[in-house]
Amino acid sequence: MKKLLLGAILAATATALACSDGSKETKQPSGGPTVVGGGKKTAIHFTKNLQLEPGYGPPQYPAPCIGIVSTEHVFGDKADVITWKIKKNGGEGGGDDCEADLGKVNVRFDNPNAVSPNPAYAGNNGKADEIEVTVSSNEAHYNGSKHQKYRVWFDDTNVAGPDPIIIVNCGSCGPGGGGPGRGGSDPDPR
């Protein structure tokens with residue numbers, strides 16, 4: 001679990017520092033999103049929630065599995081399609097693989113208008129192991145913030161992970177733009 005968390009943090013850091021050469025396809029470091037002509041792909045890795053076993057105390061997340069997004073920040077411009085690949089491959093493989101049915105996994109944005117659909121469920125694009133949303137093309141839907149927080153849910157009642165963000169309408173941010181430390185900047189830092 002520690003290795004998976006460290007890997008996710010390193011992937012998010014590498015993605016934030018990555019820069020594109022301007023081509024339509026940019027492959028990011030391992031674990032980061034692949035950018036293809038206006039679309040972004042990232043992943044949610046599920047691992048067994050060991051906090052539900054005796055002796056761990058009250059769990060932080062009540063779901064049978066915990067979803068860890070492989071990129072903390074996904075940069076999406078207006079009308080970009082963002083796809084999460086759902087993976088059951090947990091972490092270290094020592095009995096922490098998620099064995100539960102992931103058919104009801106979904107992502108929910110705090111701002112109901114930032115993307116559509118919201119919530120977005122596994123299989124909504126015809127592939128059972130993917131979730132797909134489209135970033136709103138209307139700037140008024142961003143409520144004055146480029147940072148759009150969302151949560152990974154295991155089903156309709158159990159939150160399965162922390163709250164990463166999508167940074168919208170920021171052409172100079174992140175992959176494909178200058179990005180922080182690469183000549184671009186995020187005009188709406190948290």
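The values are calculated or read from the model by the stated rules, or taken from the named source; none is laboratory data. Because the structure is predicted, anything quoted here is derived from the model rather than measured. So basically every Cβ, Gly included, is an ideal-geometry build from the backbone, and we count neighbours across all protein chains shown.
Points worth noting:
- Screening Asn113 against (1) part of a loop (DSSP other than H, G, I, E, B); (2) at pLDDT 90 or above; (3) out of contact with any His (no Cβ under 7 Å at 6 or more places or on another chain); (4) at negative phi leaves a single unmet condition, (3).
- Filtering region 130-160 to residues that are of a type outside the set (A, V, I, L, M, F, W, C), under 13 Å from Asn106 (Cα atoms) and buried (at least 22 other Cβ atoms within 10 Å of the Cβ) leaves only Tyr150.
- Unique residue being without any contact (Cβ under 8 Å) to a residue 60 or more places away in the chain and buried (at least 18 other Cβ atoms within 10 Å of the Cβ) when the list is Lys127, Lys48: Lys48
- Residues in region 103-117 that are loosely packed, with under 15 Cβ neighbours inside 10 Å and under 15 Å from Val81 (Cα atoms): Asn113, Ser116, Pro117.
- Taking the numbered list (1) at pLDDT 85 or above; (2) surrounded by 15 or more Cβ atoms within 10 Å (Cβ to Cβ); (3) part of a loop (DSSP other than H, G, I, E, B); (4) touching a Ser or Thr at 6+ places or on another chain (Cβ under 7 Å) in turn, Trp84 passes all entries but (3).
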